[in-house]
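Beneath this line is the structure, given in structure tokens, with notes to follow.
Please treat every number below as a calculation from the coordinates, not as lab data. Everything quoted here is computed from the prediction, not taken from an experiment. Glycine gets a Cβ as well: all are built from the backbone with ideal geometry, and neighbour counts include every protein chain shown.
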Amino acid sequence: MKTNVKPRPTIFMIFGGTGDLAARKLIPALFNLFLEKYMPKEFAIIGLGRTSYSDESFIKTLLEGVNKYSRSGKADKDKWKEFSSHISYLTSDVNDEKDYKKMSDFIEKCENEWSEPPVIIHYLAVDPKFFPIIASNLAKVKLADNTDRTRIVVEKPFGHDLASAKELNILLKSIFDETQIYRIDHYLGKETVQNMLAFRFANALFEPIWNRNYIEHVQISVTEDIGVEDRGGYYDGSGALRDMVQNHILQVLCLVAMEPPVNFDAEEIRNRKVDVLRAMRPFANEEIRFNTVRGQYGDGWVQGEKVEGYREETGVDPESNTETFAALKFFIDNWRWQNVPFYVRTGKRMHQKSSIISIQFKDVPHLIFPSQSSESWQQNRLIISIQPEMSIRLQVQAKRPGLDMTLNPVDMVFNYDGTYENDTPEAYETLLLDAMKGDQTLFMRGDQVETAWDLLMPVLENWESRKSISFPNYSSDSWGPETAEALIAKDGFHWFTLPIKKGEKK
Ligand code: BG6
């Protein structure tokens, strides 16, 4: 990781500049980087889109986005004026080669006027169906071939299945070098996810017990309280497995399970992560029934309001077979993790928004305490809460104060709130800064994406070929289908959740 490298002069070409992602995430992130003095002195942001806008009206819509979505709140007038003087808009059609010429003229102008040749980041915040045409047109006008200075950032979804991901990789690699391709997974930019590396490899304490001799099972649970909102059209062709498991959850799992890297180089870390995916046990068709669970939300009540079921959402097929919940039990076939189950689950419209990694350690070999001392016995557990609470908790047994010998589980807690004063950067701030610096550590490599698809293909194909007769099988505001409880309960465990704090929005 290039921790202390200052970014060089940079031009951001944002394809889909008038879209939701630019307004909600990209521009607020770049503005925060500017406020915190991470942006280089010379930079330009070019919004690209078909709708015609003047620079002024484009900048005005971006300001609305910043005021609404930025973690630092409403923009300071002077700071925004200074920042937005770097922004312009180019009306363009991704299919029209002539419009790419306008982009290259702009870049040439910056190259002539700036103190050093800029890094050029083509950011594809558009529907994936446009990825191939944009990449090909960039190549035609020679906006792709400088391997040192030109980069392409590709948003998810990266492919719809293994075949399409391979096809996209082949196309991108025919134009760009792998070192120029930044496949984004915003989970990797989250502070607590990055902290997995620090926690595991900057402390001597955990590595000796981080294996099958001490760990009984691992859970990764990413639950959301929202439904599909206005993304029904996209989501109905995707589903929870593609939308969350293939990327975010498997990336997090890799950080939990990877071998210690030799150093902090991007390639080294990405090699160790892909090793995990390669070691994951493929699903045999007959096991899918026992080791996976799918669900779809029905209607229900959320905070006193009636909400519709998935099949009633706009853009969704009223007989949809798409899963909005997925739970799977994985195994990793290597020395470290042999026979340690990794349970993962994700779902929409669940009772709580929460992303948690829970590592349960094996029980003590012999219990010396009488049974009445240990009625609330709990094996040691390490809980890494990614969001909304950002914390690491180690659950241990302690003696409750009093004249009796009574044990109960207590938490040793490291909470970001209260430990650090600084506001935590948004994932996109970290990732955009890394893209500017040329650091690919937190981006997915082509082989990682393909290996993750390869692992899930049998499940995807199985679920698609068998229409679920039980859908909808969980109500909104619940913990998902009962069969997901059974998946883990049959091994003697239960899904771990953090209690919702008083006053905290669910
Ligand atoms: C996106 C998915 O990648 O991640 C969404 O497409 C999901 O469906 C979102 O809601 C969750 O991200 P976060 O950061 O809110 O956990």
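Okay, here's what the table says:
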read-out	value
Asp145/Val5 FRET efficiency (R0 25 Å; Cβ-Cβ; nearest 0.05)	0.60
Full-extension gain in nm, Leu35 to Met457, via 0.36 nm per residue minus C-alpha separation	147.6 nm
Partner aspartates and glutamates for Lys101 [C-alpha distance under 17 Å; skip if fewer than 8 residues away on the same chain]	Asp93, Glu111, Asp145
Order of Arg212, Arg445 under a 10 Å beta carbon neighbour criterion, fewest first	Arg212, Arg445
Ser475/Gln378 FRET efficiency (R0 35 Å; Cβ-Cβ; nearest 0.05)	0.75
Calculated FRET efficiency for the pair Asp20/Phe264, C-beta based, R₀ 41 Å, to 0.05	0.75
Average Cα contact separation per residue, the chain, under 8 Å, 6 or more apart, as relative contact order %	18
Computed P(r) (all Cα pairs; the range 10-155; 10 Å bins; percent)	11, 44, 36, 10, 0
Bins of 10 Å from zero: percent of alpha-carbon pairs in the range 188-489	6, 24, 32, 25, 11, 2, 0
Value at 222 nm in deg cm²/dmol, rounded to 500, when DSSP H runs of n ≥ 4 in the chain each add -39,500 (n - 2.57)	-9500 deg cm²/dmol
Between helix 446-465 and the chain: long-axis angle, C-alpha atoms, 0 to 90°, nearest 10	60
Kirkwood Rh in Å, taken over all unlike Cα pairs in the range 1-60	12.7
Gain in span if fully extended, Trp301 to Ser54, counting 0.36 nm per residue against the direct Cα distance	84.5 nm
Centroid-to-centroid separation of the range 461-477 and the range 164-194 [C-alpha atoms, Å]	31
Unsatisfied cross-links (Cα-Cα over 29 Å) in the set Lys60/Lys156; Lys102/Lys273; Lys81/Lys353; Lys6/Lys81; Lys362/Lys490; Lys25/Lys81	Lys102/Lys273; Lys81/Lys353
Label-to-label distance, nm, for residues given as Asp491 and Arg212 (7 Å Cα→Cβ offset)	1.3
Added length on full extension, which subtracts the Cα-Cα distance from 0.36 nm per residue, Ile226 to Lys81	48.7 nm
Cα-based Rg and Dmax for the range 158-256, where Dmax is the largest Cα-Cα distance (Å)	17.3, 48
Centre separation in Å (Cα based) which lies between the range 289-315 and the range 29-71	36
Relative contact order [Cα under 8 Å, 6+ residues apart], the range 10-155, whole percent	31
Cα-Cα pairs of the chain separated by more than 42 Å (percent)	21
